[in-house]
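Since the structure comes first, as structure tokens, the remarks are kept for the end.
The values are calculated or read from the model by the stated rules, or taken from the named source; none is laboratory data. Since we're looking at a predicted model, the values are computed, not measured. Cβ placement follows ideal geometry from the backbone for every residue including glycine, while neighbour counts extend to all protein chains displayed.
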């Protein structure tokens, strides 16, 4: 299987990577870098590409998701209300543009 081939990933892993990638893009990360980070996160949490089935693989780790949520909460708490509002409006505008 050549590098970059995503055929061995489950549909759930692909959806998860897409969602993570969108989150990075909303925060201003380039598309290529966002995709790279998203797949790295999926690989870290689920141990790489897997086919579904009973008793296959190891338990999933959600450490990356948890870490990201905590980081965002702390960073947000340090910012002023005006700064949070500005970035929320900016994110809403960029989401609207994509549609």
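Given the conditions (1) exposed (fewer than 13 other Cβ atoms within 10 Å of the Cβ); (2) touching a helix residue (DSSP H, G or I) at 6+ places or on another chain (Cβ under 8 Å); (3) at pLDDT 85 or above, report the number of the one that residue 30 does not fulfil. Just one mismatch for residue 30, condition (2). For residue 95, the conditions (1) modelled with pLDDT of 85 or more; (2) outside any loop (DSSP other than H, G, I, E, B); (3) surrounded by 10 or more Cβ atoms within 10 Å (Cβ to Cβ) are fulfilled apart from (1). Does residue 35 meet the test of being closer than 22 Å to residue 87 by Cβ, modelled with pLDDT of 90 or more and touching a helix residue (DSSP H, G or I) at 6+ places or on another chain (Cβ under 7 Å)? It is false that residue 35 is closer than 22 Å to residue 87 by Cβ, modelled with pLDDT of 90 or more and touching a helix residue (DSSP H, G or I) at 6+ places or on another chain (Cβ under 7 Å).
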